[in-house]
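Written below as structure tokens is the structure these notes are about.
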Amino acid sequence: MLSKDELIRYNRQIILPDFGTESQEKLKAASVLVIGAGGLGAPNLLYLAAAGVGRIGIIDFDEVSMSNLHRQVLFTEGNVGKNKAELAKERLSELNPEVAFEVFTEPITSANAIELIGNYDLVVDGSDNLPTRYLVNDACYFLKKPLVYGAIFRFEGQVSVFNLPADNGERTPNYRDLFPSPPPPDMVPSCSEGGVLGVLPGIIGSMQANEAIKIITGVGESLAGKLFLYDALDVSTRTLNVQANADNPLSGDNPSLTELIDYEAFCSGVMERVHHEITVKELREQMQSGSVHVLDVREDYEYDIANIGGQLIPLNQVIDRKEEIPNDRQVVVMCKAGGRSQKAIDMLKKEGFDNLINLKGGILAWQKEIDSSLATY
């Protein structure tokens, strides 16, 4: 039953044709797990909380940085350095104290995904990386939980609904029906490499929240079995049909996945090859002795914000400028957190380099463990 205060709070929603108190009560009784409180997570959380979803779980181990603020509208400059999930709960509780929030500040992994996801009715994926995307999809498949998918890059976004119960008792297609296996890691640049228009996650995240509300209430038609594509530059849209894929390793003709796996290794393509890493403390010792060369593969503007004096060659230029990289001594390759530098090592190894080592944690680790005066972004 809805209280008098709830009837007032949700009045404009309740009076909608085909919605009414019944749909509002379904929202109150529902539970949604939102993976990520960042660009996509922020609008999802804001609108799901405002709409009256009774219990919302928030998973995010990351901290707010200045470079988040142009798109992650839950946070302010005073929040920089604080955990996103905890801040989200604080802000959302002020927006709607009727909602129960549960915070998880550890990463979702193959070890805890089943337990976390199993406690909710449906999942909204606001993650920004392939390992999490495949992990969440597979866990939802095994648990028979609906999944609202969203993805953004530069000026484009995607939305879909996976694993929804169909009229015939089966489940609608899942993420692996679109992409059975992940592409090579250097084919999928992150937002820190390719950028993203600040308003885009607001658009796509709001559409995800809309899908979640439709699934919970049964009002309208969901995007199950469809992939919605949006281009912010010309406001063009396309909706593609998604069909079951015989090569899907989860639900295809010959399923090969029966449990969650080590998705970080699986998606990065390093199941059988592990690159050596060096810590920032080890690098500092080698720099003091002059026995190492540091190659920074971030962008120019990132280097201007914070650097440790290494040679700057952005990732997209390393092959064209490979002659500038020493091959007669050890080269430590660094970036913001360790991802792009690993890609640079993969690319340069194919060009014959065998003297490369990755800086674990990148400039963020250096700022945290060596020099806190460096700016973070």
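The values are calculated or read from the model by the stated rules, or taken from the named source; none is laboratory data. Remember, it's a predicted structure, so these values are computed and weren't measured experimentally. Here the Cβ is made from the backbone with ideal geometry for all residues, glycine too, and neighbour counts use every protein chain on show.
A residue that is in a loop (DSSP other than H, G, I, E, B), acidic (Asp, Glu) and at pLDDT 95 or above occurs somewhere in the range 214-231.
For residue 318, the requirement of being modelled with pLDDT of 95 or more, surrounded by 13 or more Cβ atoms within 10 Å (Cβ to Cβ), in the same structural domain as residue 345 (by TED's automatic domain parsing) and under 14 Å from residue 337 (Cα atoms) is not met. The C-beta contact set for the range 1-14 (first residue in contact (Cβ under 8 Å) with a residue 40 or more places away in the chain, second residue assigned to a loop (DSSP other than H, G, I, E, B), distance under 6 angstrom, 6+ apart or interchain) comprises 10/52. There is at least one residue in the range 187-197 that is modelled with pLDDT under 95 and assigned to a strand (DSSP E or B). Selection of first residues in the range 285-308 that are within 13 Å of residue 334 (Cβ to Cβ) and in contact (Cβ under 8 Å) with a residue 40 or more places away in the chain and of second residues that are of a type in the set (Asp, Glu) and not in a loop (DSSP other than H, G, I, E, B), restricted to Cβ pairs under 7 Å at least 6 apart or on distinct chains, gives the following pairs, ordered by first then second residue: 307/296. Taken over the range 86-141, residues that are surrounded by 16 or more Cβ atoms within 10 Å (Cβ to Cβ) and of a type in the set (S, T, N, Q) amount to 6.
Taking the range 11-34 as the range and being closer than 16 Å to residue 212 by Cβ and in contact with a helix residue (DSSP H, G or I) (Cβ under 8 Å, 6 or more places away or on another chain) as the test, the residues that pass are 13, 19, 23, 24, 26, 27, 28, 30, 32, 33, 34. Which of the following residues is more than 19 Å from residue 150 (Cβ to Cβ), touching a residue at least 12 places away in the same chain (Cβ under 8 Å) and among the polar types (S, T, N, Q): 93, 23? When all the criteria are applied, what remains is 23. Of all the residues that make up the range 1-21, how many are hydrophobic (A, V, I, L, M, F, W, C) and not in a loop (DSSP other than H, G, I, E, B)? The qualifying residues number 3. Which residues, counting only those in the range 39-71, are assigned to a loop (DSSP other than H, G, I, E, B) and charged (D, E, K, R)? 60, 62, 71 - these are the residues of the range 39-71 that are assigned to a loop (DSSP other than H, G, I, E, B) and charged (D, E, K, R).
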